[in-house]
1. Using the Cα centre of the stretch 215-341 as origin and beta-carbon charges of +1 (Lys, Arg) and -1 (Asp, Glu), tell me which of Phe245, Ala286, Ala274 is placed farthest towards the positive end of the dipole.
2. Beyond a 29 Å Cα-Cα separation, which of these cross-linked pairs lie in this structure: Lys70/Lys131; Lys215/Lys305; Lys131/Lys305; Lys195/Lys305; Lys131/Lys202; Lys195/Lys215?
3. What are the radius of gyration and Dmax of the stretch 1-77, computed over its Cα atoms and given in Å?
4. Give me the distance between the Cα centres of the stretch 123-184 and the stretch 38-60, rounded to whole Å.
5. Rounded to two decimals, what is the ratio between the C-alpha radius of gyration of the chain and 2.2 N^0.38 Å?
6. Based on the Kirkwood radius over alpha-carbon pairs, what value in µm²/s does the Stokes-Einstein equation return for the translational diffusion coefficient of the stretch 1-156 at 37 °C and 0.692 mPa s?
7. Enumerate the helices in the chain for which the Kyte-Doolittle hydropathy averages -1.0 or more and the C-alpha atoms extend at least 15 Å along the helix's axis, using complete DSSP H runs.
8. What figure in square angstrom, to the nearest 10, would you give for the accessible area of Arg285 with a 1.4 Å probe?
Amino acid sequence: MLVVMKANVEQHEIDRVCAAIRDMGLDPHPIPGQVRTAIGMTGNTGPVDPGRLAALPGVVELIQVTQPYKLTGREMQPEDSIVRVGDVEFGGPSIAVIAGPCSVETRDQTMTTARCVRERGADVLRGGAYKPRTSPYAFQGLGREGLDILATARAETGMPVVSEVVDVETFGAVEDAVDMFQIGARNMQNYSLLKRAGRSRKPVLLKRSMSATLKEFLLAAEYIMAGGNRDVILCERGIRSFSDFARFTLDLTIVPELKRITHLPVIVDPSHAAGRRELVIPLARAAIAVGADGIIVEVHPEPEKALSDGPQALTPDMFEELMEELRIITPAVRRASRVTA
Ligand code: PEP
Ligand code: MN
């Protein structure tokens, strides 16, 4: 149920509706809009009796929310959400580019990559300090040392930083060090991690699991939003299919469908989908053309020496070429670019 308030509603009227919702044993979620405030509610397992709420001062209309993803859906909030990461906006008129290594390996490797992507116009630096690896024998990340290196890169380049959280135990350390944290594909349905992310006040980059339906993806985002964190960016990164020529199948079809259903920004990760660097640039072009609000790509100064995901890392030259191509594609799809020539 969505309670739509009159234009120029008074704060005490909003407070009164919220209190009435709490009295019903539910959680109110005020959603300020450009014209009027609406108040969503969650926690009900069946239909809500509208009687009491309809009579309260300032209430104009009660709308039944039919979809299971309530806070993420456009029924509750028709206007696009803009998520700010440092001074970078996701979901606004401009597309944003996140770039950096898969893993933080050494100070030198991270600083070189950070400078390289900054000079070529990246908006946000990525780099994993805690890595969820398929094999327990593979490089697991530098942990806290990696976070320190990212802090140096952030201070030197001025770029906001995104890094992955893999468990509740190390959540606080990552949260303190970064501007946005990533919940990776393998943890998209880790409900304790999603709930912890809901209590954070930093933006979350939520990747689609390699086997998640659109509904499961949005319900994972719903966990974070129901916990009180509205700043969620969705990321399509490839799903499993019978296709055997790439690491995953990039499901670009989900991008316009997500944009239709949810107000949250949607970005695309062509690197993990492709698994091979020669496929990354064409997929990134397609992502922007299909309506993504940005991309996240892996870049490494010496990909053959990378400790994780080397085959899919763009070289600095390839990243430069990608940025040049985005400068052509972006205005063609009527988006602005933060990328300046
Ligand atoms: C990553 O970003 O390095 C990563 C592990 O991504 P994903 O969760 O999409 O596999
Ligand atoms: Mn990776």
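The values are calculated or read from the model by the stated rules, or taken from the named source; none is laboratory data. All values reported here derive from a predicted model rather than from experimental measurement. Here the Cβ is made from the backbone with ideal geometry for all residues, glycine too, and neighbour counts use every protein chain on show. Accessible surface is based on the protein model in full, side chains and every heavy atom, while ligands, DNA and RNA are left aside. Shrake-Rupley method; radii C 1.70, N 1.55, O 1.52, S 1.80 Å.
1. Comparing the listed Cα positions along the dipole, Ala286 ranks first.
2. In this structure, Lys70/Lys131; Lys215/Lys305; Lys195/Lys305 lie more than 29 Å apart at Cα.
3. So, for the stretch 1-77, Rg and Dmax equal 11.3, 32 Å respectively.
4. 41
5. Relative to the 2.2 N^0.38 Å estimate, the chain comes out at 1.03.
6. Answer, rounded: 170 µm²/s.
7. Qualifying helices: 11-23, 144-157, 214-226, 277-290, 316-332.
8. 90
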